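Peer 1: Here it is, the structure, as structure tokens.
Please treat every number below as a calculation from the coordinates, not as lab data. Remember, predicted model here, so these are calculated numbers, not experimental data. With ideal geometry, Cβ positions are generated from the backbone for all residues, glycine too; neighbour counts draw on all protein chains shown.
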Amino acid sequence: MNKRKKLHNQLIEFRVNEGIFVPEVRVIGEGKQLGVMPTEKALALAKKHGLDLVEIAPKARPPVAKIADYGKLRYAAEKKLKKERKKSKSAELKEVRFSPFIAKQDYNTRLARIREFLAGGNKVRVVVVFMGRHMDSKAFGYKLLERVMDDLKVNIAIDMEPKFLGRHLAMIISPIKKVKDNAETKN
């Protein structure tokens, strides 16, 4: 299913022209309220201006209908929905993998990547992957995760303490929401 079709399925369907079955409606036209009138009269008024009668608040008593171009109204509703969906981006869980005996530069690169993810508002699963004989050196994995926590301690909250999942030592961290101090706002 393409994006446009998905978006179309989420839109509120407006009742238009002859699809409005209530006996009277509150009419809005040209940015001002025209009052409560019979649906037939409102429909005739819309046709006179070459526009559509669109029911925008069906649950109101009486329902509210707008005299407008249906295509433009629908386009504006789609645009508004897209904008809202863009704003409500949910935090994703990103993963960064380390080996227990990682080189300094590789460590710094991965730490920078973790900082990028946290700055983007994402949670990060930090994983130390053990292979072969590395399993005998589990303490190095815990030390590495402590080092990551020390390097990031100001900006993070720990959602899951380090624990082994098979051959992986994992922990989950998330960014701390910045809360302004009352003392700072008063000054």
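Peer 1: To the nearest 500 deg cm²/dmol, what mean residue ellipticity at 222 nm is calculated for the chain from DSSP H runs of n ≥ 4 alone, each contributing -39,500 (n - 2.57), summed and divided by the residues?
Peer 2: The per-residue figure over the chain is -12000 deg cm²/dmol.
Peer 1: Please arrange 99, 174 by counting, for each residue, the other beta carbons lying within 10 Å of its beta carbon, fewest first.
Peer 2: If I rank by nearby Cβ atoms, fewest first, I get 99, 174.
Peer 1: How much of the calculated P(r) for the stretch 3-87 lies past 22 Å, in percent of all Cα pairs?
Peer 2: 29
Peer 1: Net charge within 14 Å of residue 96 by Cβ-Cβ distance, Lys/Arg positive one each and Asp/Glu negative one each, not counting residue 96 itself?
Peer 2: +3
Peer 1: Once you sort the root eigenvalues of the Cα gyration tensor of the stretch 93-175 as a ≥ b ≥ c, which label holds: rounded (a/c under 1.5), prolate (a/b larger than b/c) or oblate (the other case)?
Peer 2: Prolate is the answer for the stretch 93-175, as a/c is 1.5 or above and a/b outweighs b/c.
Peer 1: On the first, second and third principal axes, largest extent first, how far apart are the outermost C-alpha atoms of the chain in Å?
Peer 2: Largest first, the chain extends 84, 52, 27 Å along its Cα principal axes.
Peer 1: Hey, another quick one. What residues qualify as long-range amide H neighbours of residue 69, i.e. H under 5 Å apart, gap of 5 or more or another chain, H built at 1.01 Å from N?
Peer 2: 52
Peer 1: Same structure, new question: For a quick check: with amide H placed at 1.01 Å from N, whose amide H comes under 5 Å from residue 15's, ignoring anything fewer than 5 positions away on the same chain?
Peer 2: 55
Peer 1: Pop out the ³J(HN,Hα) list for the stretch 150-165 in order, Karplus 6.51 cos²θ - 1.76 cosθ + 1.60 with θ = phi - 60°, rounded to Hz; leave Gly and Pro as x.
Peer 2: 5, 6, 10, 3, 6, 9, 10, 10, 8, 8, 9, 5, x, 8, 7, 10
Peer 1: By how many degrees, between 0 and 90 and to the nearest 10, does the Cα long axis of helix 70-87 differ from the longest principal axis of the chain?
Peer 2: The two axes meet at around 20 degrees.
Peer 1: Hey, another quick one. So who's got an amide H within less than 5 Å of the one on residue 64, skipping anything under 5 residues away but keeping other chains? H placed 1.01 Å off N, in plane.
Peer 2: Answer set, sorted by chain and number: 26, 56, 57.
Peer 1: Cα centroid distance between the stretch 70-142 and the stretch 34-53, in Å?
Peer 2: 54
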